[in-house]
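Below: one structure, written as structure tokens.
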Amino acid sequence: MTPFDVVIPASARPQLAVSLRALAAARGPAPRLVIVIDDRPGPVDPPGSLDGEAPAALRDRLVVLPGSGRGPVAARDLGWRAGTAPWIVFLEAGSAPWPDWLAALATDLSGAAEEAGAVRGHVRAPTEGDAPVGPKVALVAAGAARRGTQDVAYRRSAVMEAGGFDERFETVAGAEADLAVRMDAAGWSGMVGSRSVTSPAVEADPWQSLRLAAEIRDEALLRTIHGRVWRRRVAEAMRSEGLTGEGGRARLVRIVAQAATTTAGLGAILAFRTGRAKLAGRAGAAWAAGTAAFAWSLLPRGRVDRTAVRAALTAGALVPPVALALQVVGQARSRVVVRGPGPAPSRADGTGSPRAVLFDRDGTLVVPASFDHDLERVQPMPGAARALGRLRASGVAVGMVSDGGPPSSRPRRRAEARRLDRRVEELLGPFDVVATCTHGRAEGCRCRKPAPGNVIWAAHRLGVDPSACAVVGDADEDVVAGLAAGARAVLVPNGTTSGGALRWAPEVEPTIEGAVDLLLHGSRGGAAR
Ligand SMILES: [Mg+2]
Ligand SMILES: [Zn+2]
């Protein structure tokens, strides 16, 4: 049997529950871990808060990691980095695995060719029996189903080699298409397996095409990165219909129709204002015809009432010019975005020591205690000084990445945090970089762990890529922040470390010196569980 982890990025609880229930009911070999990336906006729940909601069959395999609030693509990136099995299966929250899903997945994975980097499942549209959906809704769901992002198994080593998802993409569909092309170029092929999930019902409305602004921007980005032939390259890489639910021809017809309608409308206004009434009338008629045709296509099948007609007409008039503007702006934006850093191929799994090690402060370098007002009472953790000394002697940069104070306390003021950091340096020697978040838990900043902001910032200050760094800490948050930044992460547990962290952290060492040993000489998997 081929071991696998299931990763479900979720931004809403009800959809997550649908997937977990169906997964728990499926027959076949169980996943090693079910990793939920809780990506709801706002403050992060404490680890384990979802345990009570999970079906009993999954409870001892379930790991809930706080997402970093950077959207669905970053959540997926964290998901594969947090997994440990050779295959990582991504399920979209709301997708329901079929009753034989686990058994079919086992067949898919054991039958996967050596060069298979991804095995996609089939995505079926919901039927009337699955959810209270109208025909139009089912139609949209079928379109989403063709996009094929809802059930994908990735070979972990292939994703790692590619450097993971490109987080410049805003949609999962865009990031998956890009990853497929990059994996294909590296010699990994895509396959379609035998398992199926039922896709969630999507609320459809006449404004749908404007909600697709992010998709339009991602398509422009794909075109900028992979050239004008990107659609063909994506389809070839995915060995399936690919991500483009809309056929190339239908798409062309739609864009031309939208452009023509918009041009006619603008022409009518221009002709009217310059006093050419006849021309204005003709252009206006062309605009009205185009708008009516488009509005007709937006009307729901079945029962149509006055509200539906009004919504379709309004959308029919507004969508073409706005959609056209989105296309133009998206193309211009993609040229700017593509100048930023893309994903860097990760170092091989555990081989070679990191160029920088970033330590958590409280509970890792110094004893967590109530030293708010008495810096003299700050005590180093046992072995911390020796561990740092060995790294410095080996020419590895050392950093301290911490949050202002324990989550329960009022956030330390900036000056207080600086005094404490300085005290730690007096005790343990100078750090090459110190990054301390002084925001509160509820402020939703990007630097407080588990967000990866400070890890990425510290790496950049040292002039190294985050993937060449390791984070060492005593809590879930440290490991999540490290993995989310693309770094290696080692958990050094103490009495306050959650059981969840112990269960899922990819690398665990009982002491800080052991962690440094592992990073300097060991290989992943040797000392890890
Ligand atoms: Mg800590
Ligand atoms: Zn912060």
- Message: Regarding the stretch 194-214, can at least one residue be identified that is at pLDDT 85 or above, touching a helix residue (DSSP H, G or I) at 6+ places or on another chain (Cβ under 6 Å), among the hydroxyl-bearing types (Ser, Thr, Tyr) and in the same structural domain as residue 16 (by TED's automatic domain parsing)?
- Response: yes
Flagged pairs (Cβ under 8 angstrom, 6 or more apart or on separate chains; first in the stretch 478-496, in the same structural domain as residue 511 (by TED's automatic domain parsing) and in contact (Cβ under 8 Å) with a residue 24 or more places away in the chain; second among the polar types (S, T, N, Q) and more than 16 Å from ligand 2 (Cβ to nearest atom)) are 478/364; 486/346; 486/467; 487/467; 492/364; 492/511
Among 112, 74, 116, the single one that is assigned by TED's automatic domain parsing to the domain that holds residue 187 and touching a Pro at 6+ places or on another chain (Cβ under 9 Å) is 74
Reported set for the stretch 465-494 where residues are under 16 Å from the mean Cα position of the chain (by Cα) and assigned to a helix (DSSP H, G or I) is 480, 481, 482, 483, 484, 485
Residue hits (the stretch 163-198; in contact with a Pro (Cβ under 6 Å, 6 or more places away or on another chain) and acidic (Asp, Glu)) are 166
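Residues checked against (1) buried (at least 18 other Cβ atoms within 10 Å of the Cβ); (2) within 16 Å of ligand 1 (Cβ to nearest atom); (3) assigned to a helix (DSSP H, G or I); (4) modelled with pLDDT under 85:
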{"residue": "280", "(1), (2), (3), (4)": "yes, no, yes, no"}
{"residue": "330", "(1), (2), (3), (4)": "yes, no, yes, yes"}
{"residue": "339", "(1), (2), (3), (4)": "no, no, no, yes"}
{"residue": "343", "(1), (2), (3), (4)": "yes, no, no, yes"}
{"residue": "352", "(1), (2), (3), (4)": "no, no, no, yes"}
Per the filter on the stretch 453-464, residues of a type in the set (Val, Ile, Thr) and part of a helix (DSSP H, G or I) are 455, 456
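Being over 18 Å from residue 322 (Cβ atoms) and either buried (at least 18 other Cβ atoms within 10 Å of the Cβ) or touching a helix residue (DSSP H, G or I) at 6+ places or on another chain (Cβ under 6 Å) (or both) is true for just one of 299, 270, 252. Which residue is that?
299
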Among residues of the stretch 476-501 being surrounded by fewer than 24 Cβ atoms within 10 Å (Cβ to Cβ) and within 22 Å of residue 70 (Cβ to Cβ), the residue nearest to ligand 1 (Cβ to nearest atom) is 477
Residue count, the stretch 1-31, condition closer than 23 Å to residue 155 by Cα and either of a type outside the set (A, V, I, L, M, F, W, C) or part of a loop (DSSP other than H, G, I, E, B) (or both), comes to 12
Taking the stretch 90-104 and keeping residues part of a loop (DSSP other than H, G, I, E, B) and over 20 Å from residue 176 (Cβ atoms) leaves 98, 99, 100
Here the residues within the stretch 472-482 that are within 16 Å of ligand 2 (Cβ to nearest atom) and acidic (Asp, Glu) are 477, 478
If we keep only residues of the stretch 456-471 that are in contact (Cβ under 8 Å) with a residue 60 or more places away in the chain and either within 12 Å of ligand 2 (Cβ to nearest atom) or in contact with an Asp or Glu (Cβ under 7 Å, 6 or more places away or on another chain) (or both), then the residue farthest from residue 84 (Cα to Cα) is 462
Pairing a residue in the stretch 101-120 that is more than 16 Å from residue 154 (Cβ to Cβ) and in contact (Cβ under 8 Å) with a residue 12 or more places away in the chain with any residue that is surrounded by fewer than 16 Cβ atoms within 10 Å (Cβ to Cβ) and charged (D, E, K, R), where Cβ atoms lie under 8 Å and the two sit 6 or more apart in sequence or on different chains, gives 102/27; 103/27
Checked the stretch 413-452 for anything of a type in the set (A, V, I, L, M), within 16 Å of ligand 1 (Cβ to nearest atom) and part of a strand (DSSP E or B); matches are 434, 435
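Taking the conditions exactly as written (modelled with pLDDT of 80 or more and part of a loop (DSSP other than H, G, I, E, B)), does residue 176 satisfy them or not? Steps first, answer last, please.
Details: modelled with pLDDT of 80 or more: yes; part of a loop (DSSP other than H, G, I, E, B): no.
So residue 176 does not fit the description; no.
The values are calculated or read from the model by the stated rules, or taken from the named source; none is laboratory data. Since this is a predicted model, take the numbers as computed values, not measurements. Counting neighbours? That spans all protein chains shown, and the Cβs are built from the backbone with ideal geometry, glycine included.
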